[in-house]
Amino acid sequence: MIDFQNVSFAYEKGDPVIDGISFTIPSGESVGLIGANGAGKSTVMKLLLGLLQGEGTIRVGGTPVIKENLAKIRAGLGFVMQNSDNQMFMPTVYEDMIFAPLNYGLSREDADLRVDRVLTQLGLEKLKYRHNHKLSGGEKRMAAIATILAMEPQVILMDEPSSALDPRNRRIVINLIRSLGQTKLIASHDLDMILDTCSRVILLSEGRIAADGPAEEILRNRELLEANRLELPLSLSPR
Amino acid sequence: MNKMEKALSELSGMDRLAEQDSPLHRIHPSAKLLSTVLYVIVTVSFSKYDLSGLFPMILWPLLLFQISGITLRSCFYRLRIVLPLVMAVGLFNPFFDRTPVLKIGAFTVTGGMISMLTLMLKGVYCLMASYLLMATTGIDQLCAALRKMHFPRMLVTLLLLTYRYVGVMTEELAVMTDAYQLRAPGQKGIHISAWGSFQGQLLLRSMDRAQELYSSMLLRGYHEHFHYADVSPFHWTDLLYIAGSAAVFFFFRYFNTARLIGTFFVR
């Protein structure tokens, strides 16, 4: 379970990027985090991961996100970055995938088995020994997700998972997200994807929660979306 | 493909060479590392006038090129940027050391000329040996070997991450160069007026990338301890490789092989 209680954060004093937000995400729920540019979506992710320290209380599975607990908390959180190039730093997909399991104490044999299992699950066996910088955008995104799944996290965080993907790869990523049983927090501008993958939506606006509720309800509310510099998802827009 | 992308491709080309299979690729990385270090020490230890003694040292890298299946051409192609620098070492020796050592007809060979050639050969040999080590071992195996030999963890991690980071910076540079070229048609390279901002931007971008990459590592459990590649156990063949190469190097060092061969033809 993820719990934010009265969390605030400012890069510069007096100019909060996140301003006293509170929400709870129960285990297994899939939540979309939406909002216009600069609304604070990525900052919420970074606060949850302990990459930024703000005010208020953040708990993951009851454990407060503080410096002393970061190693334990991060072991259960898988973060798919917006830019896969920034996420994948090893030469090949295999080496990138095995990086986290080895760090979390698995033997190389067990880590190998886990890598193979994830690659099979995603149908990416052919990418295993490919060099990261030779992958296409879609392959890179799938490989980045694979590196996270190899951690077997309880919570998956995704920052713009469908950005820069062609329609086919976007559909593959959406189907993959839907198939994952973990708790998911997905930040995106792609409201159609959020509609496809999330049961609940948190709408951020200027660092505050403007709405929190069922995805269908919020994403159909044209007034609410337009008031917060968003538009109806294409699939719900009248032709 | 711009120059930076070519450089990036060449960098990954080194990794691909290291993934090939040959008897030399199968030698334990520690054995190859020790043998290369020994080769460099022995090569450098030749006297600056011992040109004939130095000549046979080329045989070892040539033999390894044959065994590994790596072409000599690829070596000189990849080293094309540093080779002129190595060749420049000792360029001024002929001006400072004019002691005549040999006369070929009317032409006097001076000590400076000999020492210049010796220095150049030493540089080229050492580069060839280092290239062979990298091309048949790869950075991951090399770092794993260094850790097995108890080199300080911090230094080895620094070496590995620096090597990786060269690729990241080159990628950034490739993107920036493309963006520049597209708005400066017909211009060769980067105009001097843009150098300052170009370098500043590169620094800022590379710092951002470095921060993101470090975050990615932290979020996947990195805690100043890198798990290096699996290295196969040390076999007797690896020991034999070290002993054999040491024997060859010392033979070449203490017996002037070129002169020995020469005595068969000239009495």
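What to note about this one:
- Calculated Rg and Dmax of chain A using C-alpha coordinates, Å: 17.9, 56
- Of all lysines in the structure, the ones whose alpha carbon falls short of 20 Å from that of A:Lys128, not counting any fewer than 8 places away in one chain, are A:Lys140.
- Label positions at B:Ala7 and B:Gln199, each projected 7 Å from the Cα along the C-beta direction, are separated by 1.4 nm.
- For the cross-link pairs A:Lys46/A:Lys72; A:Lys46/A:Lys184; B:Lys6/B:Lys188; B:Lys32/B:Lys148; B:Lys122/B:Lys148; A:Lys46/A:Lys67, the ones whose C-alpha atoms lie over 19 Å apart are B:Lys122/B:Lys148.
- Shielding of peptide A:83-90 by partners, expressed as the average count of other chain Cβ atoms within 10 Å per residue Cβ, is 6.
- For the residues of A:97-103, the average number of beta carbons from a partner chain within 10 Å of their own beta carbon is 5.
- The stretch B:195-267-the stretch B:11-69 distance, computed between alpha-carbon centres (Å): 11
- Its Kirkwood hydrodynamic radius, worked out from the mean inverse distance over all distinct Cα pairs, puts the protein assembly as shown at 26.8 Å.
- FRET efficiency, A:Leu236 to A:Asp112 (Cβ-Cβ, R0 35 Å, nearest 0.05): 0.20
- Each of B:Val86, B:Gly13, B:Ile114 was scored by the projection of its Cα onto the charge dipole of the stretch B:3-257, and the greatest displacement toward the positive side belongs to B:Ile114; charges sit on the C-beta of Lys, Arg, Asp and Glu.
- Remark: mean inter-chain Cβ contacts per residue of B:221-227 equal 5, using a 10 Å Cβ-Cβ cutoff to other protein chain atoms.
- Between the listed residues B:Tyr228, B:Tyr77, B:Val168, the Cα displaced farthest toward the positive end of the dipole of the stretch B:3-257, a dipole computed from Cβ unit charges relative to the Cα centre, is found at B:Tyr77.
- The alpha carbon convex hull volume per residue for chain B rounds to 197 Å³.
- Between B:Leu155 and B:Arg259, the contour length at 0.36 nm per residue exceeds the alpha carbon distance by 33.1 nm.
- Placing a label point 7 Å from the Cα of B:Leu85 along the Cα-to-Cβ direction, none of the residues of the stretch B:33-61 has a backbone N under 17 Å of that point.
Bear in mind these aren't lab numbers, they're just calculated from the coordinates by the rules spelled out. The structure presented is a predicted model; accordingly, all values stated were derived computationally and were not measured. Every residue, glycine as well, gets a Cβ built from its backbone with ideal geometry; the counts of neighbours run over all protein chains shown.
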